[in-house]
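Working notes, beginning with the structure itself.
The values are calculated or read from the model by the stated rules, or taken from the named source; none is laboratory data. The structure displayed is predicted, hence computed values, not measured ones. Positions of Cβ are backbone-derived with ideal geometry, glycine not excepted, and every protein chain shown enters the neighbour counts.
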Amino acid sequence: MDDGQKLHLVGLTNSCRPNSYNHMVLNHIKSNFQDLMDLHLFDISKIPFYEDRAETASFSHAITALSELISQSHGLIVASPEYNHSVPARLKNTIDWMSRMPAKPLLRLPVMLISASTGLLGGVRVQYELRRIFEATDSRVMIKPEVFIGKVHEKFSTAGVCTDHETSALIKNQFESFSDWMKNYSLNLNCFEENVAHP
């Protein structure tokens, strides 16, 4: 992959409503690193809940669209809140659907995790739960640096602007590390040449 080539990434969070802090985090990444990548924020609210019987029928448009989008991407950024020490149902459901798609869009896909919450810990436990889930899908989750944004309501304005310089610096360091990791160390390097996430 040419160092000057832009990355094509997909961003997922539990909710794309304007006042979602994790959606604000993804928008912050999208707006601040446009020179390095194109980040497509996909709204997962239209994806139906998973059931085995649905696999025998045609996949819904939203499921197919996301699978194709991820399949043509270099990587995935997941920004998640923490619900009861775990992963929000809608986000987990989306990952379950992607794991069942014939194209296997999550296979060997580079993944960056970030979380934000109004509590002190910033979603520590949800990230560890997501690591376990992405291990099952054989995805490639970047281990470090980790970013947990605690008391996020004090660090982002209601307009979605990051007002905390330390938080902004942490996000910058994580994204740049993710970019370098994908280009230099990912087990998915052959796929960069094809502009897809897996063979």
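Regarding ASP180, is this residue part of a helix (DSSP H, G or I) and more than 20 Å from TYR21 (Cβ to Cβ)?
Judged against the criteria, ASP180 is a match.
Select from the range 104-137 the residues that are small (Gly, Ala, Ser) and touching a residue at least 60 places away in the same chain (Cβ under 8 Å) and list them in ascending order.
Listed by number, the residues that qualify are SER115, ALA116, SER117.
Among what's in the range 6-37 and is in a strand (DSSP E or B) and at pLDDT below 95, pick the residue that is surrounded by the fewest Cβ atoms within 10 Å (Cβ to Cβ).
HIS8
Could you go through the range 137-160 and let me know if any residue there is of a type in the set (A, V, I, L, M, F, W, C), more than 23 Å from SER20 (Cα to Cα) and touching a Lys or Arg at 6+ places or on another chain (Cβ under 6 Å). It would help to see each step written out before you state the result.
Just the residues of the range 137-160 that are of a type in the set (A, V, I, L, M, F, W, C), to begin with: 141-143, 147-149, 152, 156, 159.
Still in the list and also more than 23 Å from SER20 (Cα to Cα): 141-143.
Still in the running and touching a Lys or Arg at 6+ places or on another chain (Cβ under 6 Å): 141.
Checking the range 137-160: at least one residue is of a type in the set (A, V, I, L, M, F, W, C), more than 23 Å from SER20 (Cα to Cα) and touching a Lys or Arg at 6+ places or on another chain (Cβ under 6 Å).
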